Amino acid sequence: MSSILEAILFAVGDEGLTKKEISNILEIEEGKVNDELKKLEKIYENRGIELKLLGNKYKLITKSEYKDYIKKLTDEVSNNLSKSALETLAIIAYNEPITRMQIDEIRGVNSSQMIRNLLSKGFIEDMGKSDLPGRPLLYKTTNHFLDYFNLSTKEDLPKINLEEIEVLEDDDLFLTRYKEEGEV
Amino acid sequence: MEYNFVINDFEGPLDLLLHLIKTDEVDIYDISIEKVTEQYLSFIKSMEEMNLTVASEYLVMAAELIEIKSRLLLPNKKDLDEDEYEEDPRENLINRLLEYKKYKDMIDTFKSLEEERKDIFTKDPINLSEYREVNAEKNGDITLEDLIEALKNFLKRKEDEKPLQTKITKKELSVTERTSQIRDILKRKRRISFFDLFEVKTREYIVVTFLSILEMAKYGEINIVQESNFNNIIINSKEGEVHE
């Protein structure tokens, strides 16, 4: 069974498979999928590749200790994300779902171009409209975002100090401002 | 004051403020609005002197700082507003700074995660299209609507890659503007060749410049001299004339 799992994971490559997809293909329960995954993990202990959960999907990856050899195969063009992109992604990731206005408020600058950028790169997606006045779109991060930052699931996001937040005041400001406009 | 950084180094006004506060080594809770406002404004001013465009967001923050500063100067009128708490005018700003700083501090963490991910590799999925083609023909699950939907999604993605719509308007030159430009030139040079004034070769520019010269000649601001036929035409500023 674990060799079938290996075969299908090899076939899908970087697209990966969720636990649910694996259970559908192998026609076994998700609980059993866990066992198979563990077996496969064990097999890979002495191998060059390993099994990793990235962005909610199981993928076969090369072990990081061999990075230097693999990098010899590539003409390394490192395209890192800009500071503003990282900042915006962090704001979305810790507050999702979030509207553009709310992102602007936190950053203190207009973020529409940045949001379009992140949308087209597949780091974020819109997930319908919020109930706020004007029914603005809500954004959230994608599985691709998690994978890009080497994260298995949302729970693996680095902890952020969420204590002393008083966004309340900002909200009030926003509401009163809006009300004024509405009454005029 | 000397600055060894420019406005483009910052993500926005909050980033700039955090930097100013950090260089002062004060706690965000204890910021002196007076001092920070002064530093902020002088920085904005020096950027403008260097002819760097300062985004409007920075000016909004400048206005906000001045407002807070002036509210701090006002005497407390707590007796008048019973409902209202005795609120520190800085509070809102401090909260925003703290909130923003939280995410800014995460940038490095995400950067190192980004790097970590670069150490591992996966591969493209196996190309199964050869097998898929047959299937698609056989069971024909793909309807026209699916294709249209797929195209729509594709176009939407393309749309997002395009820059936001912007409007470029032609700058129109008025005779008054051009007249004062010519005045400036004459102030510096005293005399100039007629043809040198037509440096831009658009119809509009030529017409406006010509009208300006005619007008200036009419009001006696300039002398137009041509030594002989087909010679260069020289425009002289009339000496001793003072123009408004």
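Computed about the Cα centre, the dipole magnitude for the protein assembly as shown is approximately 2220 debye when only Lys and Arg (+1) and Asp and Glu (-1) carry charge, each at its Cβ. Short-range pairs are left out: with C-alpha atoms under 8 Å and at least six residues apart, the relative contact order of the stretch B:175-237 is 41 percent. A convex hull fitted around the alpha carbon atoms of the stretch B:175-237 yields 83 Å³ per residue.
A Förster radius of 56 Å combined with the Cβ-Cβ distance from A:Met101 to B:Gln181 puts the calculated FRET efficiency at roughly 0.80.
Across the alpha-carbon set of the protein assembly as shown, the Rg to Rh ratio works out to 1.13, Rh being the Kirkwood radius. Sites counted here are trypsin sites (Lys or Arg not before Pro) in a DSSP loop (not H, G, I, E or B) having no more than 12 other Cβ atoms within 10 Å; the longest part of chain A that contains none of them is A:73-158.
Over the C-alpha trace of the stretch A:23-166, radius of gyration and Dmax come out as 19.0, 57 angstrom.
Ordering A:Ile124, A:Leu89, A:Thr18 by Cα displacement along the dipole of chain A toward the positive end leaves A:Thr18 in first place; charges were set at the Cβ atoms of Lys, Arg (+1) and Asp, Glu (-1). Cα-Cα over 31 Å: which of A:Lys159/B:Lys35; A:Lys71/B:Lys111; A:Lys52/A:Lys72; A:Lys20/B:Lys152; A:Lys83/B:Lys158? In this structure, A:Lys159/B:Lys35 exceed 31 Å between Cα atoms. Over the C-alpha trace of chain B, radius of gyration and Dmax come out as 32.2, 94 angstrom. Using a simple spin-label model with pseudo-atoms 7 Å out from Cα toward Cβ, A:Asp156 and B:Lys22 lie 2.8 nm apart. For chain A, excluding the exposed loop sites themselves (GluC sites (Glu not before Pro), DSSP loop, at most 10 other Cβ atoms within 10 Å), the longest remaining stretch covers A:77-162.
The longest part of chain B holding none of the exposed loop chymotrypsin sites (Phe, Trp or Tyr not before Pro), meaning those outside H, G, I, E and B in DSSP with at most 16 other Cβ atoms within 10 Å, is B:86-197.
No value in this document is a laboratory result; all are computed from the given coordinates. All values derive from a computational prediction rather than experimental measurement. Ideal geometry is used to build each Cβ from the backbone, glycine not excepted, and the neighbour counts take in all protein chains shown.
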